[in-house]
Amino acid sequence: QPIKMENPYKDPPKKCVLCGINVDYKNVQLLSQFVSPYTGSIYGRHLTGLCNKKQREITKAIKRAHVFGFMPVMFKNPQFLTDPKLCNIKY
Amino acid sequence: LPQPETAAVLKRTVEALMQRGAIVRNLENLGERALPYKISKHKERHKRGGYFLIDLEASPSIVSPMMDHLGRDIDVIRRAFVKHPVAKAEECSGIIPVSPEEKLSAKK
């Protein structure tokens, strides 16, 4: 008689890039990775591929960093231009 | 801003905070660097600034008088109060796949 059990071969749920990482408005490097280098606009969820919670946290943190004077608004900090690409965007 | 003046500014703010009954837990210096954009404040255009972070414990009625006080201070370029981020448990369950029918019915 087959016993009822959950699928043991299921993969663990897919994690987004920032799944375990704490997002802070102070680490400008992390926040700049989700901003366009030409206009400084924040990438949408279809580009970053983050889950709901993390996308909202990142947007709030970026806007805070703009107001407090940590991150430039109209462009990306040239110091962080050579960071590894996290968003799937083609220039 | 030269060093003794920054020390004086910090001392003034901390003393004003303690006067209104705030408990200062920690004071961090995030370094002095070029501001991301030029800020004009108190009839002066600023390009460089020092960043300081003060850990506070206080009642919320202090916020508006403190913002006034810091606004009148010439040496303070920008002021802000932020809630202490409580380190929540790392329970990120990952991306839960949503079936396309649910998406269609849920959205307006």
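The mean sequence separation of alpha-carbon pairs under 8 Å and at least six residues apart, normalised by the residue count of chain A, gives a relative contact order of 37 percent. Within the stretch B:44-66, what residues put their amide N at less than 19 Å from the label point 7 Å along the Cα-to-Cβ vector of B:Thr6? Backbone N within reach: B:45-55. Using θ = phi - 60° in the Karplus curve 6.51 cos²θ - 1.76 cosθ + 1.60, the 3J(HN,Hα) couplings for the stretch A:35-50 round to 10, 5, x, 8, 9, x, 8, 6, 6, x, 5, 6, 9, 7, x, 9 Hz; x is entered for Gly and Pro. Tell me, what % of the accessible area of the stretch A:6-91 is carbon and sulfur with a 1.4 angstrom probe? That fraction is 57 percent. Averaging 1/r over each pair of different alpha-carbon atoms in the protein assembly as shown and inverting the result gives 20.4 Å, the Kirkwood hydrodynamic radius. Interface A-B: total buried accessible area of about 1500 Å², 1.4 Å probe, protein heavy atoms only. Counted over chain A with a bin width of 10 Å, the fraction of Cα pairs per bin, in whole percents, is 15, 44, 21, 8, 7, 3, 1. Accessible surface of A:Phe80, taken over heavy atoms with a 1.4 Å probe and every protein chain present, rounds to 30 Å². A simple rule links phi to the HN-Hα coupling: the Karplus curve 6.51 cos²θ - 1.76 cosθ + 1.60 with θ = phi - 60°, which for the stretch B:8-17 gives 5, 4, 4, 4, 4, 5, 5, 5, 4, 4 Hz, with x for Gly and Pro. Among the listed pairs A:Lys63/B:Lys41; A:Lys15/A:Lys63; A:Lys53/B:Lys38, those whose Cα-Cα separation exceeds 31 Å are A:Lys53/B:Lys38.
The values are calculated or read from the model by the stated rules, or taken from the named source; none is laboratory data. Remember, predicted model here, so these are calculated numbers, not experimental data. Here the Cβ is made from the backbone with ideal geometry for all residues, glycine too, and neighbour counts use every protein chain on show. All accessible areas refer to the heavy atoms of the entire protein, side chains included, with ligands and DNA or RNA removed. Shrake-Rupley method; radii C 1.70, N 1.55, O 1.52, S 1.80 Å.
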